[in-house]
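Scroll down for the structure; my scribbles are underneath it.
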Amino acid sequence: MINHSWKTSADELSTCPPAPQSEDAPLLVLEQQFTELCAELESLRRTSVQVGREAPEQPEGELSFRQRPTDEVATGQIEAILLRLYPIEHEIIQTPSSTIVGLGVKARHAAYVTSQYWEEDLGRLDWEAKAIRGLIEAICAVAGVALSFRHSEVDE
């Protein structure tokens, strides 16, 4: 499943509380790599959406000759980033956390994976989704990290 909601830039990581030098240092390195790749991915997606809007209208399902190479290039670039992202995500999942800062890294990743839970009004979510979303938000609050992909138009 591809999540289109991640909007964290590498600069936004600087707003997170400084982590003590600990055994969670590997998680912090993974989070930096993850965040940078997600920012690249979001930038490519925004660019490909803008290109699609600028193209002349075609019958449904058809693309202009000039648009196809751009779409194919963008798709190839997105797939390349996703291939680089997968092992980082796997390591975030597999690496144990020892501090609240490390747990915050894991919670932000879990929020990315389940970002659809923030695309819907909290009152419309099923019980399981509410529980997962609530847990992730609580961990992030205690860890002092933001869920920067959250949509501001969704009421809580």
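Read-outs: derived from the displayed coordinates by stated rules, not from any lab. What you are looking at is a predicted structure, and each value in this text was computed from that prediction instead of being measured. Cβ sites come from the backbone with ideal geometry, for glycine too, and all protein chains shown count toward neighbours.
Taking the average, over residues, of other Cβ atoms within 10 Å as the packing measure, peptides 39-48, 109-118 rank 109-118, 39-48 from highest down.
Put a dot 7 Å past the Cα of Q77, heading toward its Cβ, do the same for R45, and the two dots end up 1.5 nm apart. Couplings 3J(HN,Hα) for segment 103-109, derived from phi with the Karplus relation 6.51 cos²θ - 1.76 cosθ + 1.60 (θ = phi - 60°), are 5, x, 4, 5, 5, 5, 5 Hz, where x marks Gly and Pro. With θ taken as phi - 60° and the Karplus curve 6.51 cos²θ - 1.76 cosθ + 1.60 applied, the whole-hertz 3J(HN,Hα) list for segment 73-89 is 5, 4, 4, x, 5, 4, 4, 5, 5, 4, 5, 6, 6, 3, x, 5, 4 Hz, x standing for glycine and proline. Cα centroid separation, segment 23-49 to segment 69-143: 11 Å.
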